[in-house]
Each structure stands twice: as C-alpha cells, then as structure tokens.
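This is the structure, below, for whatever I ask next.
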Amino acid sequence: MISIQKVSKNYGRNHSLKEVSMEIPKGEIFGLLGPNGAGKSTLLSILATISKPSSGTITIKEFDLSLHKKIRPLIGYVPQEIALLDEATVKENMVFWSKFNQSQVSNEYLYDICERFHLANKWTEKVAHLSGGMKRKLNIATALIHQPEILLMDEPTVGIDLQSKMEINQYLKQLAEEGKTIVYTTHDLSEILYLCNRLGVLKNGRLVFEGTIDEAREKLYYEGSQLTDEEVIYHLLKN
Ligand SMILES: Nc1ncnc2c1ncn2[C@@H]1O[C@H](COP(=O)(O)OP(=O)(O)OP(=O)(O)O)[C@@H](O)[C@H]1O
C-alpha cells in the first residue's frame, strides 16, 4: 500500500531522515516508533503531502506521492498538534473539514462519527470549551470524514482518558480488519502491544529496525534470554 524508498529529509544541515526505506501492506497497523526527535513526525508529514522529501521516492497504491490529487483523498492525517477551529462549534468543525476534503456528506453522517467518539452531546459546543481529551478525539474524528484508505496518526491519543483510548484503539483495529492501513506513532507501550502488527524504529533519522516483535526478539536473542514483548520494545528503543 505504501512503499518508501531511500527517503531523506534535510532542514538545512539537520538531517531529519536518512535514506529511510520501508513497505507497509494494506490492512496493517504499522507502529512507527523512536525516541523524541527521531524523525517520526517528519516522515508522517511527508506521507501526508504536507512537506516534501529532499530525496527518495514514495508510492501510495500505484501513485507517486507527488500526484496530490490522487493521493490526498486516500489519506486521513491526524497531526500531533490539534488542527481545529477553536471559536467554532464541534458541528462547524466537522462541516469545515468535510468541505475541506470535498466530501458530500450529510450532517447526520457527521453527527454519527461524533457519536462514535462520544462527542455528539457536544455538537453545538465551541471547541474552546472542550477538554483536551475531547479535542483530541475530535481531531481524530475530522480525519475520518472522507473515509480514507490510509490513516496517518501522530500520537493521536495523548491526554485521552483510558476508557476512550481503549475504545479508539478497538475501533482502529476494526478499521484495519476492514482493510484500512494505519501508520501510528506513539510512546505508549500498551498501545504498541495492543495495536501494531509490525514496527518500524527510527533513531536519528535512520530506520534501525522493521518487523514484528517476534522478529525483533530473534534478532536480540542471546543464550538464555526470554525477553517479554515489553522488554523487546525497550531494547529496540534504547540508545
Ligand atoms: N521545520 C523544521 N525545521 C528544522 N528542523 C526540524 C523541523 N521539523 C523537524 N525538525 C527536526 O527534525 C528532527 C526530527 O523531528 P521530528 O519531529 O520528526 O521527530 P519525532 O520523532 O516526531 O519526535 P517526537 O517523538 O518528539 O514527536 C528533529 O531534530 C527536529 O528538530
């Protein structure tokens, strides 16, 4: 679904991504992991066509990433920074993003999405009056309006209460089972373990691991070691 070949991104002398290559098949929840500053958001913003790679190629389905008109309808992007109109209501935000994505959808449809995120009772409330967690949930809801085939999610559940987080994670699993492809960044171990089929680990802009937790365990194996999943991830991420 997503093919990334030797992608680099330079900000002046800062090399944020260094020849990163990876393949993400349809229906996968791919966990993009790494310490702060590793390059995760940079890669997601490139996939979301918000910034351009300095070099390398990316194809999504059969389209080159530069074909924005083909690519953008395929993608739902949940940025790390909340992208909402603070002085508008929940409804107005949903309508705004549906128009932005050129989705011809009814208000009932938009209301239903909000209901899924337990935001329907805030339908006429200003975003400025919502809690941080509610804003996060609305940030996710707006990315789903145009029913994208690919979801790019940059730490989407930070600050969301445990129950809502679990419900969102279950919903994402359901979306993946229906064939959506999800690229997910998080620093939350339980989310990684619950959600991700495969992992890509970035360090200083380089991809240092791509594969399943079991594959990582084999790579880390030394005689007598019986690492738990949590320990495998810890070893993958430590410097
Ligand atoms: N617009 C920019 N201009 C200059 N440098 C940038 C810019 N955006 C990101 N960087 C640099 O690129 C590197 C990777 O940043 P990025 O935000 O992608 O990391 P991250 O893995 O998402 O980190 P975090 O886990 O903290 O969100 C960092 O060194 C950062 O300072």
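The values are calculated or read from the model by the stated rules, or taken from the named source; none is laboratory data. None of the values given here were measured: they were computed from a predicted structure. Please note: Cβ atoms are built from the backbone with ideal geometry, for glycine as well, and neighbour counts cover all protein chains shown.
Among Gly200, Gly211, Gly159, Gly205, which is small (Gly, Ala, Ser), within 17 Å of the chain's Cα centre (by Cα) and under 20 Å from Ile24 (Cβ atoms)?
So the residue among Gly200, Gly211, Gly159, Gly205 that is small (Gly, Ala, Ser), within 17 Å of the chain's Cα centre (by Cα) and under 20 Å from Ile24 (Cβ atoms) is Gly200.
Which of the residues belonging to the range 78-123 are free of Cβ contacts under 8 Å to residues at least 40 places away in the same chain and touching a Pro at 6+ places or on another chain (Cβ under 7 Å)?
none
While we're on this one: Can you run down the residue pairs with Cβ atoms below 6 Å, 6 or more apart or on separate chains, where the first is in the range 30-45 and of a type in the set (A, V, I, L, M, F, W, C) and the partner is within 7 Å of the ligand (Cβ to nearest atom) and outside any strand (DSSP E or B)?
Leu32/Lys40
So the check is Cβ under 9 Å with 6+ separation or different chains; which pairs have a first residue in the range 129-143 that's within 14 Å of Lys165 (Cβ to Cβ) and a second one that's part of a helix (DSSP H, G or I) and at pLDDT 95 or above?
From residues that are within 14 Å of Lys165 (Cβ to Cβ), the pairs are Met134/Val90; Met134/Lys122; Met134/Val127; Lys137/Cys114.
When the range 61-77 is examined, which residues are found to be in contact with a helix residue (DSSP H, G or I) (Cβ under 7 Å, 6 or more places away or on another chain) and more than 11 Å from Ile2 (Cα to Cα)?
So in the range 61-77, the residues in contact with a helix residue (DSSP H, G or I) (Cβ under 7 Å, 6 or more places away or on another chain) come out as 61, 63, 65, 76-77.
Those that are in contact with a helix residue (DSSP H, G or I) (Cβ under 7 Å, 6 or more places away or on another chain) and more than 11 Å from Ile2 (Cα to Cα): Gly76, Tyr77.
Can you find a residue in the range 133-156 that is farther than 22 Å from Val95 by Cα and more than 14 Å from the chain's Cα centre (by Cα)?
Checking the range 133-156: not a single residue is farther than 22 Å from Val95 by Cα and more than 14 Å from the chain's Cα centre (by Cα).
Find all pairs meeting these conditions: Cβ atoms under 6 angstrom apart; at least six residues apart or on different chains; first residue within the range 167-179 and under 17 Å from Lys137 (Cβ atoms); second residue among the aromatic types (Phe, Trp, Tyr).
Matching pairs, first to second residue: Asn169/Tyr194.
Here's a follow-up. At least 1 residues that are away from the ligand (no atom under 15 Å from the Cβ) and in contact with a Leu (Cβ under 9 Å, 6 or more places away or on another chain) in each: list the helices (runs of 4 or more DSSP H) lying fully within the range 1-101 that qualify.
Hits in the range 1-101: 68-71, 90-100.
Would you say Leu138 is on the phi < 0 side of the Ramachandran plot, more than 16 Å from the ligand (Cβ to nearest atom) and not in a helix (DSSP H, G or I)? Walk me through how you get there before you give the answer.
Working: on the phi < 0 side of the Ramachandran plot: yes; more than 16 Å from the ligand (Cβ to nearest atom): yes; not in a helix (DSSP H, G or I): no.
Against the criterion (on the phi < 0 side of the Ramachandran plot, more than 16 Å from the ligand (Cβ to nearest atom) and not in a helix (DSSP H, G or I)), Leu138 does not qualify.
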